[in-house]
Amino acid sequence: MAGDYKSTREVIVRTEAWDEAIRFYGSVLGLPVSYRGESIVGFETGAFCLYVEKGKEHGPVFELLAPDVQAAKRDLIAAGCAVVEEDPSVPRCYIRDPYGVVFNLGKRSS
């Protein structure tokens, strides 16, 4: 699957201090809200969209898309990556590469 991955403009952070984070990105940085959900808010930064999700904190998560998520997951695990969080209902499959970068592996449309 080498070369089959494409990034999106989406970056997500999760924090238990959600209300404070929403105020910071919206008021202090003045970023416009591009999406508002029950437990997630997206801010347009220009170069990327920053999503702030309510929950247990973790570092930034980038998004990579592949044509076949399950095959990509198998290939990445074989190459030394580790699944750090997975929830098919979202869908969410957070993978940490051997160098510490975490990304959500999603399905790319043809």
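The values are calculated or read from the model by the stated rules, or taken from the named source; none is laboratory data. Since the model is a prediction, treat every value here as computed from it, not as a measurement. Reconstructed Cβ throughout: ideal geometry from the backbone, glycine too, with neighbour counts over all protein chains shown. The area values use the complete protein model at the heavy-atom level, side chains included, leaving out ligands, DNA and RNA. Shrake-Rupley method; radii C 1.70, N 1.55, O 1.52, S 1.80 Å.
Okay, here's what the table says:
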quantity: Members of region 26-70 found to be touching a residue at least 40 places away in the same chain (Cβ under 8 Å), within 27 Å of D4 (Cα to Cα) and open to solvent by less than 30 Å² (accessible area, probe 1.4 Å), listed by number; calculated: C49, V61, A66
quantity: Restricting region 72-86 to residues that are hydrophobic (A, V, I, L, M, F, W, C) and touching a Phe, Trp or Tyr at 6+ places or on another chain (Cβ under 9 Å), the residue that is surrounded by the most Cβ atoms within 10 Å (Cβ to Cβ); calculated: A72
quantity: Tally, over region 6-28, of residues that are touching a strand residue (DSSP E or B) at 6+ places or on another chain (Cβ under 8 Å) and not polar (S, T, N, Q); calculated: 13
quantity: Residue match in region 34-47 (condition: in contact with a Cys (Cβ under 9 Å, 6 or more places away or on another chain) and of a type outside the set (G, A, S)); calculated: yes
quantity: Of all residues making up region 87-101, the number that are of a type in the set (D, E) and either open to solvent by less than 50 Å² (accessible area, probe 1.4 Å) or at pLDDT 95 or above (or both); calculated: 1
quantity: Filtered residue count, region 67-94, keeping only those that are assigned to a strand (DSSP E or B) and within 15 Å of E10 (Cα to Cα); calculated: 3
quantity: Residues that are open to solvent by 50 Å² or more (accessible area, probe 1.4 Å) and either farther than 30 Å from A79 by Cα or without any contact (Cβ under 8 Å) to a residue 12 or more places away in the chain (or both), drawn from region 1-25; calculated: A2, G3, E16, D19, E20, R23, F24, Y25
quantity: The lone exception for G106 - which of (1) in contact with a Pro (Cβ under 8 Å, 6 or more places away or on another chain); (2) under 26 Å from E16 (Cβ atoms); (3) without any contact (Cβ under 8 Å) to a residue 60 or more places away in the chain it fails; calculated: (3)
